[in-house]
Amino acid sequence: MRVARVHPLWLAYVLHRVSGLALALFLPLHFWVLSLALTQPERLDAFLNFADQPLVKLAEFGLIFLLAVHIFGGLRLMAMEWLPWSAPQKTLAAGALGVAFVISGTFFLQVV
Amino acid sequence: MLDLRLYMLQRITALIMAPLTLGHIAVIIYAVQGGLSAAEILGRTQGSVFWFLFYGSFVLAVAVHAAIGLRVILHEWTGMTGTRLAALTWGVGLGLFVMGSKAVIAVTWPVGLP
Amino acid sequence: MTGTIERHDTDILILGTGGAGLFAALHAQQAAPEGTKITIAVKGLIGKCGCTRMVQGGYNVALGGGDTVARHFMDTIEGGKWLPNQDMAWRLCEQAVVRIRELENEIGCFFDRNPDGSLHQKAFAGQTADRTVHKGDLTGIEIINRLMEQVLSRPVEKLQEHRAIGLIPTKDGSALAGVLMIDMRTGGFRFVRAKTVLMATGGGPTMYKYHTPSGDKTMDGLAMALRAGLPLRDMEMVQFHPTGLLAGAHSRMTGTVLEEGLRGAGGQLLNAAGQRFMFDYDVKGERATRDVVSRGIYAEMRKSNDPGQVGMFISMAHLGPDNVRRKFKGMVRRCEDSGFDLAGGLVKVVPTAHYFMGGVVVDVDTRTALEGLYVAGEDAGGAHGSNRLGGNGVANSTVYGGIAGDTMGRDIRTMGNLRDPDEAVLAAEYARAVHPLSRKPDLVQPLRNRLQEAMWEDVGVMRTASGMQRGLERIATIEDDLMQVGVAPGNLAFNLTWHDWLNMASLCDISKVIAKAGLARENSRGAHFREDFPETGDLAASYFTIARQDGADVDVTREPVDFSIVRPGETILPEGEPETLVAAQ
Amino acid sequence: MTAQNDTLEVSVWRGSGVAGQFETFEVPAQDNQTILDVVSWIQHYADATLTYRFACRVGMCGSCAMMVNGRPRWTCRTHVKKVLNGGKVEIGPLRNLPIIKDLAVDMDPFFDKWVAAGGVHTPSASRADPIPAIDPGDHSRQVASAGIECINCSVCYAACDTVAGNPEYLGPAALQRAWTLYNDAKHEDRTDILAAVSGAGGCHNCHSMGSCTVYCPNDLDPMSAIAGLKRETARGFLRRRK
Ligand SMILES: Cc1cc2nc3c(=O)[nH]c(=O)nc-3n(C[C@H](O)[C@H](O)[C@H](O)COP(=O)(O)OP(=O)(O)OC[C@H]3O[C@@H](n4cnc5c(N)ncnc54)[C@H](O)[C@@H]3O)c2cc1C
Ligand code: HEM
Ligand code: SF4
Ligand code: F3S
Ligand code: FES
């Protein structure tokens, strides 16, 4: 059976989960690349060069975006859970997304 | 699946990571100006107790945080429970911790490039 | 031919989970000896069916501030037009004081407060003090939710969606052995033996075209009691609420209550020409008591004599739509959900059968003529006489439900073993229930519609001898037709149509009794209005009706009211007490 | 909008337990018709074996909730016009509860959790005592009153994806009741409630996805109530560690 439940808070939840999951999958890769520094620095350099390509840049932007989304989504959640004000939740959700955009946008502009 | 203890652990690690991650992003934004190179990165971090603690605590926190997070997702999406779920939680946590530690050591241990 | 009937034993069996049933379960647990097994059987889900949940206005109880038990009692007697059993009415008013404290302190209800923290009380029509305790206009939800939680968390056996269909006596007929029921979810039969049984199935005059009670209430209890040979009293007394929503014959919303407070706040009743008419019938206009307003609307409907124009209109807009929306939020939304604009437009209303004053004859401890059977709540007759005051309904079911629990818990100590049933009666009750399964399947609902039309037209708000005779004939034909209508026996699990058939059987049985008792009362009292006998009659010679099954027939007799506490024309209020404590509106 | 059509095309879930399928019926359209009316019409006139549940007909008992076009609703208070989609509507049993038959679900798990969450008043006084004076404007009383009108219809429970994925999770309604009692000055064991909602199926499983609050037909806000429980338990956790 189909379930209809699309509304802002639910989307915020999905976004938080997807970003968390993506980060969790990406992180081991990130760690692996960094640990190359010790043993094979030239491969790290090669990787960093590879990372200069536009497509990869875009992917990085996505990653930072996800991180930002996840962080501000998480802060939003903890604010909702622990701080006494709770009414303007949707605004919070939208706000978190906005901040995430600004941060990752800055990153993007800097990088390109 | 998530009792008060796990919940607090996840929230506390999140709170620890929030400034660390934002700081990390800030550093990257600053660093990428002018292009990255391994030497540049390592030159800044290797041998620095500050960066060791900075990234070390991140690794510790993220291992706990992501393990709990994945545990919840696994349970809700696959119905996994009991020892298998516990084993996977620990596996993810330890795996991340080991890999992360290697990375932190690589980046901050004061050995210099061989 | 008893197919498979599963046998089941318990000590205390309670039928129904309204205010009466749930209170009985709690009190039985407190009063019965350790180790007593308590079982609840109910036609729906625990606490979610029945009318107690639907109580809006509130709970009558005299809590001081000038109000006294004596005053509450006098209002009840005068409201019931001197027909109530006075000992029962007294006990009701007296125990309500304890019960409301129990509800607040032990069960966990929270009723509305005044700014100073004391309970807020208001006055329903017909009361001489601000007496009604309430939780907004959703009092029943608060009461039943809290009771339900208490019962759900206790070790009580729960037989949900179990419908009682027959009271089975012992072979010598001296006592009740147990109750035959249908496990509705499986369609199987179950006979439950018990030392004591409380019947709290809540009456429910749903044989009228317009009615307020919940869908599960279809007079099953009274029909069972009638067949078991118990005397029923005041069976002509059907209370109509004046403002039921009229949303069309196809809608279950039709008949549901638009609250009393609308009229209290100044709501106007208009006819098709847009004119107010209630002042033609009573000086209080729309603010007159329920029976008066119901008759006013009914008379006006008849006057308009337009088949296309059923019902009158309630109008609130002159009070300011926004104001109405704020003050009656729930009602406005409810109307809106079924397509009407209560705040700014006109909503069609019609008198709707609301409460049944009649019931099984019981003593003040809820005992009946049959050993082992106890009756409380709307199933029991006597406390209200010819009219139930708004707010005395829940008070009655919670007070007497609790008393029933106490009494059963006490009585069970002196009772021996479980009793064996008269297998012949058991077989007969079983046969009755499976009757439609061997007939050709056909639609049941048209019969329900026909019965509801007949009762509304001929045994309704205004009655005459010839009308009620005609009504009886119509019921008889409908009953004959019902016996020919079958239900396909293929899938009996949760088969609502089979239960609709059984509902119809109960409703037909009690409809007949209502008409017969109506014929036997040749005067007009409270809810019972005879156009051919419009006078109240001599109060000092007041009688109540008693109906009993007599072979295939129902026999109605009259019995004099015992004025055990106060006589007509007298009062028990101290001399010099003001007539009313309610500030004039 | 094709509400003017004189028939509705209604898909209804049929079956017991996990097995079942949708079956389509043509139902005459009427003014002022609710989904409950539609379902009743099918049982009365088209298929005598259709099973569903209702009692009060006016949104007070919470027994008629079903999935209407994939969204949990009180069917007695849902006007057909509100949900009709090109003359069609799909009606299924409430989500997240075992199906007994057709449109009727077993609500026992819902109520078991209600009790398990500590949703039962424990008295601090008896019927012999006077009714305590309580200031209705008091902050904690207002918090308690915010969720008190819940009719345990299970709509929020059906809307919540966490319940769907995590069968142990107590769910929004039960937790809201616990929060109400936690704020009720008359309740004797307030700390017991925090213990009851802190287990493996407790309030901490809620992801604040808010479907409970968005779909509650009573305009209640279980999400915020659960947040309250999280706040109080977290506070207790930190205090204990000190
Ligand atoms: C809309 C409405 C508003 C009302 N407002 C007020 C008010 O403001 N104040 C007031 O005092 N009174 C009010 N009343 C009246 C009040 O609700 C009743 O007087 C009282 O609740 C009856 O309680 P009860 O326990 O006897 O029956 P109910 O609460 O009706 O319970 C009957 C129970 O018996 C069960 N049952 C029925 N048949 C069977 C069977 N065959 N087998 C097993 N179980 C069965 C039912 O499912 C139900 O659980 C109102 C009634 C209605 C309908
Ligand atoms: C970069 C590393 C991070 C990873 C890999 C990660 C991963 C995850 C994962 C997989 C989840 C589970 C999601 C779910 O249950 O739906 C999660 C949840 C969560 N994360 Fe992160 N996270 C990271 C950083 C952060 C940070 C920095 C914060 C701080 C604000 C944060 C706050 C949260 C919160 C509050 C939750 C709980 C969500 C819920 O209960 O619904 N996370 N995280
Ligand atoms: S919170 Fe709302 S949706 Fe949930 S059970 Fe209560 S009334 Fe129903
Ligand atoms: S929908 Fe479920 S996840 Fe929490 S906010 Fe409501 S309980
Ligand atoms: S039938 Fe009671 S809420 Fe719908």
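Below are the figures for this structure:
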quantity	calculated
Which numbered condition C:GLY471 fails, given (1) away from every other protein chain (no Cβ under 14 Å); (2) farther than 30 Å from C:ARG525 by Cβ	(2)
Test: residue in segment D:99-122 that is farther than 26 Å from B:GLY79 by Cα, more than 16 Å from ligand 5 (Cβ to nearest atom), of a type in the set (Val, Ile, Thr) and more than 7 Å from chain C (Cβ to nearest Cβ)	yes
Odd one out for C:VAL257, checked against (1) buried (at least 24 other Cβ atoms within 10 Å of the Cβ); (2) among the aliphatic types (A, V, I, L, M); (3) under 15 Å from the mean Cα position of the chain (by Cα)	(1)
Every pair of residues 6+ apart whose Cβ atoms lie under 9 Å, when the first sits in segment C:300-328 and is within 17 Å of C:LEU269 (Cα to Cα) while the second is surrounded by fewer than 12 Cβ atoms within 10 Å (Cβ to Cβ) and of a type outside the set (Ser, Thr, Tyr)	C:SER304/C:ALA273; C:PHE313/C:GLY274; C:SER315/C:GLY274
Matching residues in segment C:524-542 - criterion: being touching an Asp or Glu at 6+ places or on another chain (Cβ under 9 Å) and surrounded by fewer than 18 Cβ atoms within 10 Å (Cβ to Cβ)	C:ASP532, C:PHE533, C:GLY537
Residue match in segment D:12-33 (condition: at the interface with chain C (Cβ under 9 Å from one of its Cβ atoms) and in contact with a Cys (Cβ under 7 Å, 6 or more places away or on another chain))	no
Candidate set from segment D:177-227 (those that are within 16 Å of ligand 2 (Cβ to nearest atom), part of a helix (DSSP H, G or I) and surrounded by fewer than 24 Cβ atoms within 10 Å (Cβ to Cβ)); member that is farthest from the other protein chains (Cβ to nearest Cβ)	D:THR213
Matching strands (runs of 3 or more DSSP E) fully within segment C:1-101 where at least 3 residues are within 11 Å of ligand 1 (Cβ to nearest atom)	C:12-15
Selection count, segment C:246-296, where residues are within 14 Å of another protein chain (Cβ to nearest Cβ), part of a loop (DSSP other than H, G, I, E, B) and not acidic (Asp, Glu)	12
Extreme residue, nearest to ligand 3 (Cβ to nearest atom), among residues of segment D:44-87 that are modelled with pLDDT of 95 or more and farther than 22 Å from D:ASN218 by Cβ	D:THR51
Condition broken by C:SER153, with the remaining ones in (1) touching a residue at least 24 places away in the same chain (Cβ under 8 Å); (2) over 26 Å from C:ILE514 (Cβ atoms) satisfied	(1)
Segment B:15-32 residues that are more than 9 Å from chain A (Cβ to nearest Cβ), paired with ones that are surrounded by 14 or more Cβ atoms within 10 Å (Cβ to Cβ) and modelled with pLDDT of 90 or more (beta carbon under 6 Å, 6 or more apart)	B:ILE16/B:ALA61; B:LEU20/B:PHE58
Every residue from segment C:183-228 that is among the aliphatic types (A, V, I, L, M) and within 16 Å of C:HIS499 (Cβ to Cβ)	C:MET184, C:MET207, C:MET219, C:ALA223, C:MET224
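The rows are residues; the columns are (1) in contact with an Asp or Glu (Cβ under 8 Å, 6 or more places away or on another chain); (2) assigned to a loop (DSSP other than H, G, I, E, B); (3) without any contact (Cβ under 8 Å) to a residue 12 or more places away in the chain.
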{"site": "D:ASP129", "(1), (2), (3)": "no, yes, yes"}
{"site": "D:PRO136", "(1), (2), (3)": "yes, yes, yes"}
{"site": "D:GLN142", "(1), (2), (3)": "no, no, yes"}
{"site": "D:CYS156", "(1), (2), (3)": "no, no, no"}
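The values are calculated or read from the model by the stated rules, or taken from the named source; none is laboratory data. The model shown is predicted, which means the values in this text are computed figures rather than measured ones. So basically every Cβ, Gly included, is an ideal-geometry build from the backbone, and we count neighbours across all protein chains shown.
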